[in-house]
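> Just passing along the structure, written as C-alpha cells.
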Amino acid sequence: MTHLSTESFVYSLPVIPQATREDFIRTARMLKERAGIVLGEHKEDMVARSLGLETKNLGVAEVRQYLDFLDHNPRAPEWERFVNTFTINHTAFFRESHHFVSLAEFVKKRSKPLSVWCAAASTGEEVYTIAMVLQENVSNAEISCSLLASDIDTQALVRAEEGVYSLDRVQPVEESLLRKYFQRGVGKRAGMVRVKPVLRNMVDFRMINLVSSENWPTDQSFDVVFCRNTMIYFEKETQSKLLDKFAQVMKPGALLFVGHSENISHLSKAFRLQGQTVYVRV
C-alpha cells in the first residue's frame, strides 16, 4: 500500500483569501449604507469567512480587491449576492400567532378592498400565512385582497415564489388548512408540499430595499403592513426614517405588525400601540 503524506494535498487545496480587520470594518460600512443592516462585532469571524468565499468566487486574490470592485461598481449584480450573504432569514408559518388573531379580527370587519404588504417576506412562510388568514376571514367573497411580498434577499424571494416546503416546515399549519391550501408531493417530491394557486396567485413578489427609495410602493396605500423582526438590525435613526416611510403609504387606521422585541412607540408619532407589538396608523 502506498502511503501519502498530508503534504501531498497542501497545494491542491483551494486558496480562500483571508479578510483583515479593516475589511470587516469596510464591509460593515458598505452593508449599512446599502441595506441599513448593522453588523455586530461578534459576527466578524462569520463575515471574514463569507468575504473570503465571495472574493474567491469573483476570481480576485484579495478581499480588498473584491470590496474595491463593489465600491467602484454600485450597479454591479455582485451587490445582490453581497447583500444576500449577510441577510438573516429566520421565519415560520404562524410565527407569533397572536398577530394573526388580530389580523383575522381586523379583516372580518372590512367591507372594502384590502391591501396588505409583507415587507420582509423572506422565504414565504409569513406571507402565505397572511394569505390563508385573508382567505379564511374575508366576510364577503366580492371583497378583493391584494398582497405585496417584498424582501432585499433575492434568493429568498425565489424560494418564496416557488412555495415549496418540507413537511416539518408546515407543522404549525392546522391539518384542515394544510389540505385546503397545499399540495402534497409524490415520488421524488414525497415529504414536500407546494402552495396551491389559490394562495400563490394572491401575491405579488418584489425585491425592495427598505432603506432605499428605489422600488418603494409609493403608488399604493396599505391597510396592513407586516415588518417583523427586521428593524432590530437597523440603528434607531434608520428605524425612525423607515417608520415615517411606512406611514406615508398606509391609510389612517391601518395596522402595522412588528417583531416581539421591537418597540416603536418612541420612534414615531405616526403610530399608536393597539396591542402586543401591533400598532395603528393615526
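> Search region 62-89 for residues that are β-branched (Val, Ile, Thr) and pair each with any residue that is surrounded by 14 or more Cβ atoms within 10 Å (Cβ to Cβ) and part of a helix (DSSP H, G or I) when their beta-carbon atoms are under 6 Å apart and the residues are at least 6 apart or on different chains.
VAL63/ASP23; VAL63/LEU51; VAL63/THR55; VAL83/ALA35; THR85/SER50
> Which of the residues that make up region 20-31 are over 12 Å from PHE82 (Cα atoms) and crowded, with 17+ Cβ neighbours inside 10 Å?
ASP23, PHE24, ARG26
> Turning to a different aspect of this structure: If I filter region 123-137 for residues that are on the phi > 0 side of the Ramachandran plot, assigned by TED's automatic domain parsing to the domain that holds VAL195 and in contact (Cβ under 8 Å) with a residue 40 or more places away in the chain, do I get at least one hit?
yes
> Tell me, yes or no, whether region 257-265 has at least one residue that is in contact (Cβ under 8 Å) with a residue 60 or more places away in the chain and surrounded by fewer than 18 Cβ atoms within 10 Å (Cβ to Cβ).
Scanning region 257-265, I find at least one residue that is in contact (Cβ under 8 Å) with a residue 60 or more places away in the chain and surrounded by fewer than 18 Cβ atoms within 10 Å (Cβ to Cβ), so the answer is yes.
> Further question: What helices (runs of 4 or more DSSP H) completely inside region 70-185 contain at least 2 residues that are within 30 Å of LYS43 (Cβ to Cβ) and of a type in the set (Ser, Thr, Tyr)?
The helices (runs of 4 or more DSSP H) meeting that bar are 125-137.
The values are calculated or read from the model by the stated rules, or taken from the named source; none is laboratory data. A quick note: this is a predicted structure, and the numbers were derived from the prediction, not measured. Backbone-built Cβ (ideal geometry, glycine too); neighbour counts: all protein chains shown.
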